[in-house]
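The numbers here are math on the coordinates, done by the rules we state, and not lab data. All values derive from a computational prediction rather than experimental measurement. Positions of Cβ are backbone-derived with ideal geometry, glycine not excepted, and every protein chain shown enters the neighbour counts.
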Amino acid sequence: MRRLTRAPNIAIAALWLDALQQAGYSASMQRYFLGSVAGELPPDQCQPEIWLADDEEHTGAGALLEALQNMPQRRWHCRCGETVEGGFEQCWNCGTALPAHLR
């Protein structure tokens, strides 16, 4: 087994773990419940960790995780004048869909 990374919290760790498992990696989470003892133990020792059962997967899994952490975010201007950021495909103000040329 080999540690791939530490996550800042359980929610992020669960998202990373799911993406890695869906891609076929032998990933598991360790230190799932240690967040409750932060303060008793050093905080960096309480963060959830993502581990791989197969050391050979480390390079590919690391590349996938890097891509997940650095996904480009869209920013588009709606016809109503609002700026829509992130992964949203519909304007929050007027409901207009993301233009097809930006998909």
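Worth pointing out:
- Cysteines in the chain that, by Cβ-Cβ distance, have no pairing candidate under 4.7 Å: CYS46
- Charge tally around ALA27: other residues with Cβ under 11 Å, Lys/Arg +1 each, Asp/Glu -1 each, net -2.
- Neighbour net charge for ASP55 - beta-carbon separation under 14 angstrom, K R +1, D E -1: -1
- For the chain, the longest principal axis of the alpha carbon atoms and the long axis of helix 10-22 meet at an angle near 90°.
- Using the Cβ-Cβ distance between HIS77 and ALA23 with R0 set to 22 Å, the FRET efficiency from 1/(1 + (r/R0)^6) comes to roughly 0.05.
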